[in-house]
Each structure stands twice: as structure tokens, then as C-alpha cells.
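Since the structure comes first, as C-alpha cells, the remarks are kept for the end.
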Amino acid sequence: MPVFLMMVLGYLLRRTGRIAEEFADKLNTFVFKIALPVQLFEDVVTSNFQELWDGGVVLFCLTATIISILVMLGLSMLGKKSLRAEFTQAGYRSSQALLGTALMQNIYGQNGPLALILIGSVPLYNVAAVLLLTLMAPGGGHLDRKTMKKTLRGIAGNPIILGILAGVVWSLLGIPLPAMAERTVSNLAATATPLGLIALGASIDLKKAAALWKPTAVCSAFKLVVFVALFLPVAIHLGYREELLVAILVMLGSPTTVSCFTMARSMGHDGVLSAGTVMMTTVCSAFTFTGWLYLLRAMGLV
């Protein structure tokens, strides 16, 4: 609920004119390109990454992501052709970098193994999104060398990945952070969660959600419930518990990321379905995610 209420605050500030749309966009950019990468860098540096690393977890995340993409792509074939790319992307792509870190911070006070989950899913998120939005673009899209180069540059320059990799390198080299630098990094990292949640709330548009409520509802159901019900028992069977299990839940059951709408619009798609799914999953996740956490707690797994 603290996470949800911060988003409500952002929405109210936007509706009452205290935050302009342009400011919300710039705030989103600041959080995504600076504050979040610094926060993830700090998490990796302050933990023992060699002990944290688990190839099995990364493989699990890759596999779950691939299956989720294929399931959503198959379902999209039952709907309108113009909505297929947006439907698929909005159904598999989680806001685990922003909302995931917020949830982990609220539950455990730090992100723990979330960096592993991000490594196992974020690169694939971006590659699949570009391929889908390009090949299914209105009027017919095509994948050429220029698009592939742009995709690879986007992955290599992804601020979230760069922040994690920088932390991994720093941790492996065993370089201590000077007290002044450590305090600066800590202060900057602390801005990621509150500012990111306010910016996300300010970006929500309730009118857009009502335009395509049926595909939006289906997409949201798979994002928040179906994939969690499908993959979480597998994670439990593999022996994942405590912080790691919650981090996996974040990957599976957190809301659709705002980046879905941004990418869809920038690549020639309407963006209405993406915006609606972001809004619906964000609102409903306050209840579904809490429900999943309660279930795991009742089972003594977290």
C-alpha cells in the first residue's frame, strides 16, 4: 500500500496541475537513466556478488520470460492485427526495475537478489519488444540491419544493465567506496523509489484505459495472475525462498512498465492498449501482489 499510495499522490498532483506532463516525463527519464542505475549499482557493490550469483536463477528467468512472450504472442493472434504487438509486449514486460525495486525496498529495505532477476530478463524484454513492434508495425514492418544495430546499441546502453554491470565490476575488483562517494551514491539512490513512483502515478491516464477495456483486462489478468500461478510453483519446487522468491514474484507479477507505452508510440503504434494495461495493472497490482505475498507468507516461504 505505501507503494500504491505514492503512485496515487503522483496521479493527484498531475490532475490538480501541480505536476505538468512534461515534468513527469523528465522525472521518469531522470529516474530511469540516473537514480535507478545508481541504486542498483549500490546494491551490487554493498553485497558480495560472487555469493549472490546463481546461474540457475538467471536461466529460470530467461525461460519464464521466453514462455511468457510466446504465450502472449499466441493469444494476440485471436485479436485485431493492429493490436498484436502492443498486446504481447504489455502482457510480458514487467516494471521490475522501478516498481520492483520499490517493492523490495519496502519489504526488505534493500534489493537483494533483484539484480540477478534483471540480468535474466531485461535484455530479453528489450530485444523482444523491438522485434515485435518492428515486424508488426502498422502498414507492415521489416527488420533491417539498421534496426538490429539500433536494438543492440539500446541493449548495450541500457542504464539499468550498465548500473548492474558497473556494480559487478566494482564488487569483483574489491575496490572500497570512499566515505564521501558512498554517502553521495546513497543519497542519489534514495531518490529513485519515491520520485519514480510519483512520476509513474503522474503518467496514468484513466480515459485511455476505458477505450480498449476487453483486451486490456485479458492482458492484465495474464500479467498479474496467470504467469504468477504458472511459474511461481516451479520456483518454489526449485527451492527458491525468502528474498529470492519475492524477487521472482516481482518479475512475474509486477505491473506492466511505462516503457511499453513509450516504445509503442515511438515505433508507430497507437499506444492506447499499452497505456490502458499500464494503468490497470498498476492499480490492480496493489491487491494482487499483496495477495501473492500473503499466500507465500502463510505457506512459510517468505
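The values are calculated or read from the model by the stated rules, or taken from the named source; none is laboratory data. Note that the structure is predicted; figures quoted are calculated from it, not measured. Cβ placement follows ideal geometry from the backbone for every residue including glycine, while neighbour counts extend to all protein chains displayed.
Go through (1) crowded, with 19+ Cβ neighbours inside 10 Å; (2) closer than 27 Å to residue 31 by Cα for residue 290 and report which single condition fails.
If we test residue 290 against (1) crowded, with 19+ Cβ neighbours inside 10 Å; (2) closer than 27 Å to residue 31 by Cα, just (1) comes out false.
Give me the pairs, please: first residue somewhere in the range 179-192 and within 19 Å of residue 101 (Cβ to Cβ) and modelled with pLDDT under 85, second residue anywhere and part of a helix (DSSP H, G or I) and hydroxyl-bearing (Ser, Thr, Tyr), beta-carbon distance under 9 Å, and either six or more positions apart or on two chains.
192/101
Among the residues of the range 9-24, count how many are touching a residue at least 40 places away in the same chain (Cβ under 8 Å) and assigned to a loop (DSSP other than H, G, I, E, B).
Of the residues in the range 9-24, 1 are touching a residue at least 40 places away in the same chain (Cβ under 8 Å) and assigned to a loop (DSSP other than H, G, I, E, B).
How many residues, within the range 1-18, are hydrophobic (A, V, I, L, M, F, W, C) and surrounded by fewer than 16 Cβ atoms within 10 Å (Cβ to Cβ)?
3
Suppose we keep only residues that are surrounded by 23 or more Cβ atoms within 10 Å (Cβ to Cβ), small (Gly, Ala, Ser) and within 17 Å of residue 110 (Cβ to Cβ) within the range 190-199. Which one would you say is nearest to the chain's Cα centre (by Cα)?
Going through the qualifying residues, I end up with 196.
Quick one: in the range 90-125, of everything that is farther than 22 Å from residue 186 by Cβ and of a type in the set (Ser, Thr, Tyr), which residue is nearest to the chain's Cα centre (by Cα)?
Only one residue tops the list, namely 95.
Of the conditions (1) over 26 Å from residue 10 (Cβ atoms); (2) surrounded by fewer than 17 Cβ atoms within 10 Å (Cβ to Cβ); (3) touching a helix residue (DSSP H, G or I) at 6+ places or on another chain (Cβ under 9 Å); (4) not acidic (Asp, Glu), residue 210 satisfies every one except a single condition; which number is it?
Looking at each condition in turn, residue 210 falls short on (1).
Check off (1) under 17 Å from the mean Cα position of the chain (by Cα); (2) not in a helix (DSSP H, G or I) for residue 64 and give me the number that stays unchecked.
Every condition holds for residue 64 apart from (2).
Name the residue, out of 73, 83, 27, that is touching a helix residue (DSSP H, G or I) at 6+ places or on another chain (Cβ under 6 Å), among the hydrophobic types (A, V, I, L, M, F, W, C), surrounded by 16 or more Cβ atoms within 10 Å (Cβ to Cβ) and free of Cβ contacts under 8 Å to residues at least 60 places away in the same chain.
73
Which residue out of 247, 264, 275 is within 20 Å of residue 98 (Cβ to Cβ), part of a helix (DSSP H, G or I) and within 14 Å of the chain's Cα centre (by Cα)?
Exactly one residue qualifies, and that residue is 247.
Identify, please: which residue in the range 8-33 is among the hydroxyl-bearing types (Ser, Thr, Tyr) and modelled with pLDDT of 85 or more and is, among those, farthest from residue 158 (Cα to Cα)?
Looking at residues that are among the hydroxyl-bearing types (Ser, Thr, Tyr) and modelled with pLDDT of 85 or more, I get 16.
Going through the range 95-108 one residue at a time, which ones are out of contact with any Pro (no Cβ under 7 Å at 6 or more places or on another chain) and not aliphatic (A, V, I, L, M)?
Scanning the range 95-108 gives 96, 100, 101, 105, 108.
Suppose we filter 117, 34 for residues that are touching a Leu at 6+ places or on another chain (Cβ under 8 Å), in contact (Cβ under 8 Å) with a residue 60 or more places away in the chain and either within 25 Å of residue 199 (Cα to Cα) or of a type in the set (Asp, Glu) (or both); which single one remains? Break it down into steps so the answer makes sense when it comes.
Details: 117 fails: touching a Leu at 6+ places or on another chain (Cβ under 8 Å).
Selected residue: 34, the only one of 117, 34 that is touching a Leu at 6+ places or on another chain (Cβ under 8 Å), in contact (Cβ under 8 Å) with a residue 60 or more places away in the chain and either within 25 Å of residue 199 (Cα to Cα) or of a type in the set (Asp, Glu) (or both).
Residues in the range 201-224: is at least one assigned to a helix (DSSP H, G or I) and closer than 24 Å to residue 109 by Cβ?
Yes.
Looking at 5, 99, 70, 36, can you tell me which residue is in a helix (DSSP H, G or I) and either at pLDDT 85 or above or of a type in the set (D, E, K, R) (or both)? If you could, list the steps in order and put the result at the bottom.
Values: 5 fails: either at pLDDT 85 or above or of a type in the set (D, E, K, R) (or both); 99 fails: either at pLDDT 85 or above or of a type in the set (D, E, K, R) (or both); 36 fails: either at pLDDT 85 or above or of a type in the set (D, E, K, R) (or both).
Testing whether each residue is in a helix (DSSP H, G or I) and either at pLDDT 85 or above or of a type in the set (D, E, K, R) (or both) leaves just 70.
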